[in-house]
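Coordinate-derived values only; no laboratory data. Just so it is clear, the model here is predicted, and its values are computed rather than measured. Reconstructed Cβ throughout: ideal geometry from the backbone, glycine too, with neighbour counts over all protein chains shown.
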Amino acid sequence: MPAYALRRLLATAPILFGITLLLFILLQVLPGDPARMATGYRTPAPQALDNIEGRMDIRAPLYRQYFNYISALSRGDLGRSYRTQRPVISIIGETLPNSLVLAMLALLLEMSISIPAGAIAALKRGSLFDRGSIVAATLLGATPIFALGLIFQLVLGVRLRWLPVTGAGSPSSYVMPATVMALVAAAYLTRVVRSSFLDVLAKDYITAARANGLSERRILLVHALKNALAPIVTVAGVHFGFLIGSAVATEVVFNWPGIGRQLFAAVMERDRPVVVGATLVIAALFILVNLLVDILQAWVNPRVRAGL
Amino acid sequence: MLGGRGRLGRARSRKLRIGFIIVAALFLLAAGADIVSSYDPLRQDNEAVLQTPGATHFLGTDSLGRDNLARLVHGARVSLAVAIGSVALMILIGLPLGAAAGYFGGIVDSAIMRAADVFLAFPFALGAIVLMAVIGPGAANVLVALALFGWPQIARVARAQVMNEAAKDYVAAVKVAGGSAWYITRRHLLPNAVGPVAVFSLTGLSTALLTEATLSFLGIGIQLPYPAWGSMLAEAVGRLAIAPWLILGPGVAVVLACLGFNLLAEGLHESLQIDG
């Protein structure tokens with residue numbers, strides 16, 4: 001088990017390296033003039049531009065810039081925002097936790113909707129609940145997150161005034177963004193839960209347990225759940241990545257102070273270090289989550305460890 | 001054959017049929033956009049700004065007096081074209097690479113899969129957004145961006161299929177009989193890989209459509225004044241208080257389109273499974 005984890009970890013290293021290379025190229029290619037941005041697009045003296053560019057090592061040969069970039073990365077230095085001159089790492093440090101909290105909340109909500117719904121749908125296969133939940137899941141899965149968010153904002157925020165529409169001020173402002181993300185992700189997870197339970201419930205040991213006289217509830221909670229869990233865990237892990245990835249649209253719609261909104265603002269403002277830094281952090285997080293999911297899968301299912 | 005007999009068989013093919021009908025209807029509307037609405041989607045009319053749905057403008061007008069129905073069906077053209085184009089490009093890149101990785105194995109496999117992993121390291125929508133920041137907005141760029149982050153998944157599916165198939169005994173027999181790698185791939189491996197790739201591509205179509213809508217909504221996709229469902233939604237949101245009907249057209253359109261593709265994908269998946 002530790003051997004598998006180590007192998008997977010080592011396999012991740014070249015990917016991380018590849019990403020930094022890709023993002024470095026991005027840093028060079030992204031439009032935006034750092035010196036002018038730092039001076040706020042006023043017309044400064046040429047000497048001022050010279051000084052700034054000298055400090056930013058923009059004119060050094062590419063390989064040297066890449067070396068500086070990597071060594072800075074290893075020290076945890078992601079550069080400074082062109083616009084505000086604040087260290088990118090502090091900007092990320094302020095915004096990332098907000099996104100993570102939202103993602104975790106959405107994941108919890110998603111699981112608490114999907115697992116019961118899917119299980120009940122599987123138990124009462126073909127019933128109204130089953131078919132209704134499938135229809136709901138299909139519709140939700142076809143809706144773009146930002147559209148669902150907009151609808152929620154319109155109905156719950158503006159018309160009914162139950163919940164705050166934007167920002168992260170009060171606890172109640174967490175409700176809408178988290179619910180929207182949870183619903184879209186739950187659409188897929190519910191189907192997975194349902195089919196996983198259907199598979200397990202058809203197995204012989206369930207029939208045997210019934211024949212032995214165990215109550216339905218005990219069978220469901222103790223035996224079926226444990227065995228149905230494997231694909232559910234995988235998808236839930238993948239969904240965490242999805243939630244992080246869909247953060248941009250959701251955070252823009254709800255004006256949530258997270259890393260997605262920050263990234264988007266930086267893209268609009270051509271603030272290259274923030275774009276690259278934020279993307280790097282999100283990608284690294286994504287890889288980490290996928291890695292953990294893989295390891296978790298291997299721990300639960302020994303057959304996975306054999307083929308790498 | 002595709003539907004199967006009996007109650008369960010008909011229910012299974014129902015998804016396929018509904019999905020097909022929805023998608024076909026959308027295509028017809030998009031292709032016949034000029035017939036559906038005689039208005040020019042780009043033509044502004046300051047006299048008829050923000051009209052409610054009515055006799056002259058079936059879905060009303062937007063803030064610049066452009067007919068909403070016209071913008072909806074012409075937007076369908078662009079959005080569908082971008083979605084299909086990007087998936088076609090994904091297949092064009094991903095299928096050969098995945099098949100090569102699966103067939104040759106070894107270093108070819110490792111190299112291709114590592115490249116795929118680098119692109120897979122980014123969440124799909126995020127990668128597209130960042131890439132758009134570099135190459136600039138516009139329909140063609142959206143197409144490329146989507147294809148660039150989508151091909152690895154197609155490659156993976158193709159690779160898995162080819163690996164499964166290539167391990168079978170009859171392939172070894174053909175090799176012994178002197179069949180070239182190209183012949184084996186073309187005649188035996190690819191036809192068997194096509195099924196799952198097709199199913200996955202259809203799901204990919206709805207993802208591509210959703211992502212394009214998101215990009216246009218954020219303002220970095222298909223640029224105004226050209227109509228696109230995502231940017232129409234963005235406009236609609238800005239005018240929500242005074243013109244709430246604006247959100248209906250593009251909203252329903254996006255959901256319906258994705259629904260159609262998803263149903264088609266699932267229907268195809270299920271009928272392929274029945275066949276074994």
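Observations, loosely collected:
- Sparsely packed trypsin sites (Lys or Arg not before Pro) within the stretch A:73-103, loop by DSSP, other Cβ within 10 Å at most 14: A:Arg75
- Cα-based helix-to-principal-axis angle, B:190-218 vs chain B, degrees rounded to 10: 30 degrees
- Here the 3J(HN,Hα) profile of the stretch B:66-75, calculated from phi with Karplus coefficients 6.51, -1.76 and 1.60 at θ = phi - 60°, is 7, 5, 5, 4, 4, 5, 5, 6, 6, x Hz, Gly and Pro shown as x.
- q = 0.10, 0.12 Å⁻¹: log10 I(q)/I(0) that the Debye formula gives for the stretch B:32-135, counting C-alpha atoms only: -0.53, -0.64
- Here the Karplus curve 6.51 cos²θ - 1.76 cosθ + 1.60, taken at θ = phi - 60°, turns the phi angles of the stretch B:143-151 into couplings of 4, 5, 4, 4, 5, 5, 9, x, 4 Hz, with x standing for Gly and Pro.
- Residues whose amide H lies under 5 Å from that of A:Arg80, counting only those 5 or more places away or on a different chain, are A:Val88; hydrogens are built 1.01 Å from N in the peptide plane.
- Overall Cα dimensions of the stretch B:231-275 - principal axes, largest extent first, Å: 54, 15, 9
- Compactness check for chain B: Cα Rg over 2.2 N^0.38 Å is 1.18.
- Largest-first principal axis extents of the Cα set of the stretch A:107-261 (Å): 55, 30, 27
- Relative to its residue count, the stretch A:211-253 spans a Cα convex hull of 82 Å³ per residue.
- Placing +1 on each Lys and Arg Cβ and -1 on each Asp and Glu Cβ, with no other charges, gives the protein assembly as shown a dipole about its Cα centre of roughly 1420 debye.
- With the simple model of a label 7 Å out from the Cα in the direction of the Cβ, A:Val101 to B:Phe20 spans 5.2 nm.
- Neighbouring partner chain Cβ atoms per residue of B:111-120, average, 10 Å criterion: 3
- Calculated on the Cα set of the protein assembly as shown, radius of gyration then Dmax: 25.6, 88 Å.
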